[in-house]
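This report refers to the structure that appears directly beneath it.
The values are calculated or read from the model by the stated rules, or taken from the named source; none is laboratory data. Note that the structure is predicted; figures quoted are calculated from it, not measured. Glycine also receives a Cβ, built like all others from the backbone with ideal geometry; neighbour counts cover every protein chain displayed. Only protein heavy atoms, including side chains, enter the accessible area calculation; ligands, DNA and RNA are left aside. Shrake-Rupley method; radii C 1.70, N 1.55, O 1.52, S 1.80 Å.
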Amino acid sequence: MKKTVIAAIVAIFLIAFVPLFVLKDAEFGGSDDAGSVVVEEVDSSYEPWATPVFEQLFGGELPGEVESLLFCIQTGIGVGIIAFIMGRFVERKKWMKDQ
């Protein structure tokens with residue numbers, strides 16, 4: 001069991017880091033960038049019908065670090081909610097065994 005876990009961790013690290021070293025000059029873009037490129041290719045006259053809320057509030061695009069921070073906060077809140085719900089299920093299971 002322990003060897004399997006270690007092998008899985010090594011495989012995860014290889015999958016994550018090998019492309020960074022093998023493809024030195026590659027551009028790793030997100031799905032938002034890829035989607036906007038495809039929309040531009042299909043219809044070059046397309047005008048977005050909505051703008052991001054924070055861009056309207058601050059009058060410009062947010063720096064990448066702030067966007068990453070907001071994404072991490074959102075992820076942390078989601079993980080906290082999921083962990084809380086899973087913990088409640090485990091507690092309920094323990095209570096059912098006791099009764």
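Overview of values
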| read-out | value |
| --- | --- |
| Per-region count, the stretch 20-36, residues over 21 Å from Phe71 (Cβ atoms) and either in a helix (DSSP H, G or I) or modelled with pLDDT of 85 or more (or both) | 2 |
| Those residues of the stretch 42-82 which are among the hydrophobic types (A, V, I, L, M, F, W, C) and assigned to a loop (DSSP other than H, G, I, E, B), in sequence order | Trp49, Ala50, Leu62 |
| Answer from Leu14, Leu57, Leu69 - the residue that is surrounded by fewer than 10 Cβ atoms within 10 Å (Cβ to Cβ) and modelled with pLDDT of 80 or more | Leu57 |
| Some residue of the stretch 88-97 being under 20 Å from the mean Cα position of the chain (by Cα) and open to solvent by less than 100 Å² (accessible area, probe 1.4 Å) | no |
